[in-house]
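Laboratory data are not the source of any read-out in this text; all were calculated from the coordinates shown. On a predicted model such as this, the values are computed, not experimentally measured, just so you know. No Cβ is skipped: glycine too gets one built from the backbone with ideal geometry, and neighbour counts run over all protein chains shown.
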Amino acid sequence: MKREAYSRDMNRILVVLPNWFGETLFTTPFLRALRRGRPDGRIATLGRPQCREVLLHNPHVNACIEFDEAGRHRGLGGKWGLVRELRRGRFDAAFILRKSLSRTLLVALAGIPARIGFANPKSGWLLTHRVAPPAGPVHKAAAYLPLLSAVGIAAADGPCEYVVTDEERRRARELLAALGCSEGSGLVVLHPGANWFHKRWAPDRFAALGDRLARDRALHPVITGGPDDRVLADAVRGRMRQPAAVLAGKTTLRELAACLEQARLVVSNDTGVLHVAAALGRPLVALYGPTSPQLTGPRGDPRRTVVLHHAGCCPSIPCYAPDRPPHPGMDAITVEEAYDAAQRVLEVGGSRLEAAR
């Protein structure tokens with residue numbers, strides 16, 4: 001099928017998402033460009049349940065279809081049920097953002113006529129339109145865009161997007177008030193978790209940084225994370241001398257994002273929460289060790305974002321072998337340099353706030 005035919009016939013479009021919710025956030029520039037190219041089209045996404053949480057209320061998406069591999073779509077029967085659901089969607093085209101044989105096969109079995117993805121030996125044979133992957137290192141948020149230009153849609157890079165509703169803001173105020181954090185109390189969010197151990201800054205360093213920001217900058221530390229991070233968050237809190245609140249395990253992702261929106265500063269390892277905070281425009285100190293800021297760095301305001309990374313301290317960047325120590329990259333980041341970085345972004349944030357008044 002020629003490029004013109006793709007553009008003409010793409011009225012009902014499916015976008016097959018990557019797995020992690022941080023990577024799902026990186027798809028929002030792609031979705032924005034797709035919407036601009038097809039303003040009247042119906043755009044749906046297919047991804048894990050947490051992907052839906054990221055894209056809920058996104059103005060460029062009409063529907064989020066869940067692929068619950070661990071639940072109702074488990075096994076052949078569950079997957080065939082998903083195929084039938086996709087068939088009912090009567091999609092004209094599917095953009096497959098990750099090189100996945102299983103997802104590409106599902107799309108093909110659903111009878112979606114135009115299947116657009118990156119050329120690769122694993123699943124490329126199931127595509128109707130194969131696009132060469134970007135040459136050289138490219139940030140993941142920009143890496144998806146060539147798929148659009150290949151079918152005649154202009155693709156411009158830009159910031160990631162996350163939409164918080166007024167109801168979610170109200171719920172965040174309630175959650176923070178229950179922890180003794182009133183609105184406008186100067187929150188600094190400390191996020192010590194990450195999906196891999198070797199992406200985590202040490203709890204004692206988070207604690208020392210939180211103490212210093214509380215003592216010297218009169219900020220109120222709030223330690224965040226999911227249910228699995230509660231022990232880690234308590235470890236940080238237990239090492240602190242200044243008062244701090246633990247929010248880990250007490251929120252949904254949507255509620256946590258609304259709490260992040262109220263922070264004066266966010267300090268986080270490379271994880272999805274960091275990228276949500278960047279999309280919300282929060283002042284950031286991003287802590288990177290075994291991963292590459294060039295590939296997965298925060299896409300926030302560069303004047304209010306500092307990435308701390310000592311690339312020479314890890315055996316390879318990015319390093320996808322969490323069970324093969326040592327990984328000295330995170331240890332190379334000192335409390336002093338993290339505090340200096342926090343000072344810089346707070347001063348920029350403060351000056352901009354004064355100018356807006």
### Query
Dipole size in debye (nearest 20) for the chain around its Cα centre, Lys and Arg Cβ +1, Asp and Glu Cβ -1?
1160 debye
### Message
What distance in nm lies between label points placed 7 Å from Cα along the C-beta direction at Ala154 and Asn195?
### Response
3.4 nm
### Message
If a paramagnetic tag sat 7 Å from the Cα of Asp323 along the Cα-Cβ line, which residues of the range 184-199 would have the backbone N under 17 Å from that point?
### Response
195-199
### Message
Under 20 Å between alpha carbons, and skipping anything fewer than 8 positions from Lys99 in its own chain: which lysines qualify?
### Response
Lys79, Lys122, Lys140
### Message
Between helix 203-217 and the chain, what is the angle of the helix's C-alpha long axis to the longest principal axis, kept within 0 to 90° and rounded to the nearest 10?
### Response
60 degrees
### Message
Suppose the chain between Asp228 and Lys79 were pulled fully straight at 0.36 nm per residue; how much longer would it get relative to their current alpha carbon spacing?
### Response
50.8 nm
### Cα-centre dipole for the range 169-263 with unit charges at Cβ (Lys and Arg positive, Asp and Glu negative), debye to 20
60 debye
#### Entry: Alpha-carbon gyration tensor eigenvalues x 5, square-rooted, for the range 262-347, Å
23, 14, 10
### Query
On a 0 to 90 degree scale, rounded to 10, what angle separates helix 75-88 from the longest Cα axis of the chain?
70 degrees
### Using a Förster distance of 30 Å, the FRET efficiency for Gln294-Val163 (Cβ separation, nearest 0.05)
0.65
### Message
I need the shape label for the chain. Rule: rounded when a/c is under 1.5, else prolate if a/b > b/c, else oblate, with a, b, c from the alpha carbon gyration tensor.
### Response
prolate
## Note on the structure
Across all Cα atoms of the range 3-149, Rg and the largest Cα-Cα distance (Dmax), in Å, are 14.1, 40
### Query
Which of Thr104, Gly37, Leu17 sits farthest toward the positive end of the charge dipole of the range 3-149, with +1 on the Cβ of Lys and Arg and -1 on the Cβ of Asp and Glu?
Thr104
### Task
Once you've got the GNM for the chain with C-alpha springs shorter than 10 Å, pick whichever of Val15, Val231, Val345 has the biggest mean-square fluctuation.
Val231
## Note on the structure
Expressed in nanometres to one decimal, the distance between label points 7 Å along Cα→Cβ at Asp40 and Ser316 is 5.1 nm
